[in-house]
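Encoded as structure tokens, the structure appears first; notes follow it.
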Amino acid sequence: MTRRPPSSSRVLRLFGRGSRAESRRIADVLRTETIGGALLLAGALLGLVWANSPWGGAYEALRSFRVGPAALHLDLSLAAWAADGLLAIFFFVAGLELKREFTAGDLRDPRRAAVPVAAAMGGVLVPAVAYLVTTSVAGAADAAQGWAIPTATDIAFALAVLAVIGRHLPAALRTFLLTLAVVDDLLAIVIIAVFYTERLAPLPLLGAAVPLAVFALLVRRDVRAWWLLLPLAALTWALVHASGVHATVAGVLLAFTVPTSSTGRRAGATAPAEHFEHRFRPLSAGVAVPVFAFLSAGVAIGGPDGLVRTMADPVALGVAAGLIVGKPLGVMAATWLVSRFTHAELDESLAWVDVLGLALLAGIGFTVSLLIGELAFGAGSQGDAHVKIAVLAGSLTAALLAAVVLRLRDNVYRRIEREQAPSGPS
């Protein structure tokens, strides 16, 4: 019997247009993240140049300068404050975005959500396999702890590149990249919590549930007073930090307690999740991530311990292979499998080469990759230094490859726009 083609109402369009309200919200997010990407790049370049200048010692002294209350075990270096504290803000915003997408956005439809979720999972599994295979072939059996380094996509960096090279690309591609990267970040934080927690102190972790519960109760009652919520969030963060679980997990836990619709006395007003996202996204994109990049990207690339030795390090080769080969292969394969085994079809305005360019762009793994590198090999270690160089080189290569593909496609869409534009009066 001949199989009937699915009706148009049942067909899911891959990268199809979202609702108008969702498109406006995504556009606002993209503008902030694009500016944040430029600041991130500036911070990373400043740190890299300073570390390789004659004043590199001053840069290291700044990174290692300790501040904080020793009685609370929070006398941390500035680099540690950036990784544990500032990135908690980044993950708080990512958690808000993810919750809004899946509870109030277009991705509350499971069929729509399946595509970016599958792509994100493919973009985590395949790079990890590429890393492990590369390091195993190179004979580095002790490098397995770095398997998660090439699994994350940097939202701000990738969107900034896309904004520069793809002004005429369909907006659906930007939306897909944003959603993929947010899901990617959630998977990364789960990996950090499960696989990179060396010690676990149960009492502080249980204690963190108390301020977290009070925070959740207040935000569900639409309480938005910073002098109430901020101390509770800080206490939750401090207790999670003391438990041995990476403190950035606290950011995601706090975000997941925030309602995505208005309740109580503020019914009909801006939802709490939208309110907090509006307040904290500029802080995350404009301050937290660039400062972390500045304090983390500075690594000496000259001399015998720099670029030359890094090129022979199996860990660096594995990270580069994961970002440049594994990441795009995983995203492409997962997206194709969704279209192959479901009723999903690529939107008629797009081609698979567009997806390829996007998949290459997903290989820009900067912020979270640097963080996982520090957790895997120890901040300041030779392995960490090689990881930083590999992440920088791999991300730059992925960005250049994506730029070639997407720039060609951008020219195609620009010609189409010109041809479809109404001609002026004769």
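The values are calculated or read from the model by the stated rules, or taken from the named source; none is laboratory data. Quick caveat, the model's predicted, so the values are computed rather than measured. Reconstructed Cβ throughout: ideal geometry from the backbone, glycine too, with neighbour counts over all protein chains shown.
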Checked the range 334-377 for anything out of contact with any helix residue (DSSP H, G or I) (no Cβ under 6 Å at 6 or more places or on another chain), of a type in the set (Gly, Ala, Ser) and not in a helix (DSSP H, G or I); matches are SER349, ALA351
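Here is a list: GLY363, GLY318. Which entry is crowded, with 24+ Cβ neighbours inside 10 Å and within 23 Å of ALA141 (Cα to Cα)? Steps first, please.
On the way: GLY363 fails: within 23 Å of ALA141 (Cα to Cα).
Answer to the check: GLY318.
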Of the residues in the range 380-399, those that are closer than 18 Å to PRO127 by Cα, surrounded by fewer than 20 Cβ atoms within 10 Å (Cβ to Cβ) and small (Gly, Ala, Ser) number 1
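Suppose we filter ALA156, ALA143 for residues that are under 20 Å from the mean Cα position of the chain (by Cα), among the small types (Gly, Ala, Ser) and modelled with pLDDT under 95; which single one remains? Give the steps one after another, and end with the answer.
Values: ALA143 fails: under 20 Å from the mean Cα position of the chain (by Cα).
So the residue among ALA156, ALA143 that is under 20 Å from the mean Cα position of the chain (by Cα), among the small types (Gly, Ala, Ser) and modelled with pLDDT under 95 is ALA156.
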If we ask which residues in the range 187-210 are surrounded by fewer than 21 Cβ atoms within 10 Å (Cβ to Cβ) and in a helix (DSSP H, G or I), their number turns out to be 14
With the structure loaded, tell me whether THR175 is among the β-branched types (Val, Ile, Thr), within 24 Å of THR34 (Cα to Cα) and not in a helix (DSSP H, G or I) or whether it fails that test.
no
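Residue-wise test of (1) at pLDDT 90 or above; (2) hydroxyl-bearing (Ser, Thr, Tyr); (3) in a helix (DSSP H, G or I).
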position: TYR59; (1), (2), (3): yes, yes, yes
position: ARG63; (1), (2), (3): yes, no, yes
position: PHE91; (1), (2), (3): yes, no, yes
position: ALA94; (1), (2), (3): no, no, yes
position: GLU97; (1), (2), (3): no, no, yes
position: PHE102; (1), (2), (3): no, no, yes
Practice item. Kindly indicate whether any position in the range 129-147 is within 30 Å of ASN411 (Cα to Cα), assigned to a helix (DSSP H, G or I), among the hydrophobic types (A, V, I, L, M, F, W, C) and in contact with a helix residue (DSSP H, G or I) (Cβ under 8 Å, 6 or more places away or on another chain). Key: no
Q) Does ALA118 satisfy being closer than 22 Å to LEU392 by Cβ, crowded, with 18+ Cβ neighbours inside 10 Å and within 20 Å of the chain's Cα centre (by Cα)? A) no
Flagged in the range 75-114 as small (Gly, Ala, Ser), buried (at least 21 other Cβ atoms within 10 Å of the Cβ) and over 20 Å from VAL368 (Cα atoms), in numbering order, are GLY105
Residue pairs within 7 Å by beta carbon, gap of at least six or interchain, first lying in the range 218-229 and closer than 10 Å to PRO272 by Cβ, second not in a helix (DSSP H, G or I) and not aliphatic (A, V, I, L, M), listed first then second, are VAL219/THR257; VAL219/PRO259; ARG220/PRO259; ARG220/THR263; ASP222/SER262; ASP222/THR263
Q.
Criterion first (in a helix (DSSP H, G or I) and surrounded by fewer than 18 Cβ atoms within 10 Å (Cβ to Cβ)) does VAL214 satisfy it?
A. yes
Counting only residues that are in contact with a Phe, Trp or Tyr (Cβ under 8 Å, 6 or more places away or on another chain) and not β-branched (Val, Ile, Thr), the range 91-118 contains a total of 7
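How many residues are charged (D, E, K, R) and surrounded by 14 or more Cβ atoms within 10 Å (Cβ to Cβ) when one looks only at the range 133-147?
Matching residues across the range 133-147 total 0.
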